[in-house]
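Remarks on the structure that follows.
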Amino acid sequence: MRRAGVAPEDVDFVINTHLHVDHSGWNTVLQDGKWVPTFKNARYIFPRVEQEYYSSTASHNDVNIPSSGVYEDSVWPVIEAGLADFVDSAGGPFLDRFTFLPTPGHSIGHMSVLLESDKEAAIFAGDVMHHPIQVERPDLNTVFCEFLDQAAQSRRRVLEFAADNRAIYFSTHFPGSSAGYVTRDGEKFRWSYV
């Protein structure tokens, strides 16, 4: 970020699609033995259902082992600092051009973020999909999807939206490039990298 000319204190919003360690682990930094917000002037946006779930013992299961302790070191310090805002499970508009879209399944309150501007759209879909094969096979879940039926339903909804609106799709785990387009091929979907 610094090479791009953005200092941590310049960041004004941090959006978390969900609270797994690989998506919220950089919310904080260890400073003098204490976890503190990385972006001290930012508002951190969390799905409320995610915050409630990961702050409880309900989240202590085999799927969440890799995220064990992430709430305590990467979410709670932000809340404690008074920098957290919460998105309700229905999602909805955020700022001028963003909309939170509920896409539960990978995690209990997973949200995707839609950006619309000048008749163009982009979807930042977090972990709705982990691999391009899921574009053609939206029924395939990963071992990290906690609520399997919901994950497949959310995946299909996002694919339909992306294809029907020619929205650029941003994934966080696709190899090569994380950006591309989804198109329809009969009843199936196809992926092409940008």
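The values are calculated or read from the model by the stated rules, or taken from the named source; none is laboratory data. Since the model is a prediction, treat every value here as computed from it, not as a measurement. Virtual Cβ from ideal backbone geometry, glycine too; neighbours counted across all protein chains shown. In case anyone asks, the SASA skips ligands and DNA or RNA and just uses the protein heavy atoms, side chains included. Shrake-Rupley method; radii C 1.70, N 1.55, O 1.52, S 1.80 Å.
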Checklist entry - Got a sec? Which of R166, R190 is assigned to a loop (DSSP other than H, G, I, E, B) and more than 25 Å from S59 (Cα to Cα)? => result R166
Item to check | Conditions (1) closer than 16 Å to A81 by Cα; (2) open to solvent by less than 90 Å² (accessible area, probe 1.4 Å); (3) of a type in the set (A, V, I, L, M, F, W, C): number failed by A4 | outcome: (1)
Checklist outcome for this item: Scanning segment 119-130 residue by residue, those open to solvent by 30 Å² or more (accessible area, probe 1.4 Å) and either of a type in the set (S, T, N, Q) or at pLDDT 95 or above (or both) turn out to be E120, F124, H130
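The rows are residues; the columns are (1) hydrophobic (A, V, I, L, M, F, W, C); (2) farther than 23 Å from P37 by Cα; (3) surrounded by 15 or more Cβ atoms within 10 Å (Cβ to Cβ).
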position	(1), (2), (3)
S56	no, no, no
Y71	no, no, yes
P77	no, no, yes
T99	no, yes, yes
P102	no, yes, yes
G105	no, yes, yes
M111	yes, no, yes
Checklist entry - What pairs come up if the first residue lies in segment 157-169 and is more than 12 Å from R190 (Cα to Cα), the second is open to solvent by less than 80 Å² (accessible area, probe 1.4 Å) and of a type in the set (S, T, N, Q), and their beta carbons are under 7 Å apart, counting only those six or more places apart or on different chains? => result V158/T103; V158/S112
Checklist entry - Looking only at segment 117-152, which residues are more than 15 Å from the chain's Cα centre (by Cα) and in a strand (DSSP E or B)? => result S117, E120, A121
